[in-house]
Amino acid sequence: MSTVDVSGPLFDGRADKVMDECVVDVRHAVGDQGYSNVMGILEARIRNPTPYYQTQILVEDVADETVVHDRRIIYGPWLEGVGSRNSPKTRFHGYHAHKLAAQALNKGQAKAIAERVVAWHIP
């Protein structure tokens, strides 16, 4: 009868630790890219920028998620284009910065970021 050696990273907990770190690093890297996307869209679209709104946007860990938000600033929904006072009540349709940033992440940015982070963690 032969024996099976059950030692190594899969059996001693090292793999779990690396994967936990990897997941957190992927979340943070994707969150940072989302922040960059939002800021780039706002910089390109706002005609007469006042920096206050941009200073309210941040990346934050909430429970097991990393989110990009505007601290629930009162006119944030209006700027995004989802407020009750957007079109058709006014001509302003919103910048859709958060929506477009999320779409860019979903179209492949997040996958590419995750692949880089995983490759770094697991050479």
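We did not get these values from a lab; they are worked out from the coordinates using the rules stated. Bear in mind the structure is a predicted one, so any value in this text is a computation, not a measurement. Positions of Cβ are generated from backbone atoms using ideal geometry, with glycine treated the same way; all protein chains shown enter the neighbour counts.
What to note about this one:
- 27 Å Cα-Cα reach of Lys107 towards lysines, excluding residues that sit fewer than 8 places from it in its own chain: Lys99
- Relative contact order for the chain, counting Cα pairs under 8 Å that sit 6 or more residues apart, in percent: 29 percent
- Applying the Karplus relation 6.51 cos²θ - 1.76 cosθ + 1.60 with θ = phi - 60° to the stretch 46-54 yields 3J(HN,Hα) values of 6, 6, 10, x, 10, x, 4, 4, 4 Hz, where x marks Gly and Pro.
- Given the chain, longest segment not containing exposed loop chymotrypsin sites (Phe, Trp or Tyr not before Pro) (DSSP; at most 15 other Cβ within 10 Å): 1-74
- In Hz, Karplus ³J(HN,Hα) per residue of the stretch 20-34 (6.51, -1.76, 1.60; θ = phi - 60°; x = Gly, Pro): 4, 5, 4, 4, 5, 5, 5, 4, 5, 5, 5, x, 4, 5, x
- Residues whose amide H comes within less than 5 Å of that of Tyr95, counting only those at least five positions distant or on another chain, are Glu80, Gly81 (H built at 1.01 Å from N in the peptide plane).
- Qualifying aspartates and glutamates (Cα of each under 20 Å from Cα of Lys17; at least 8 residues distant if same chain): Asp25, Asp61, Asp64, Glu65, Glu115
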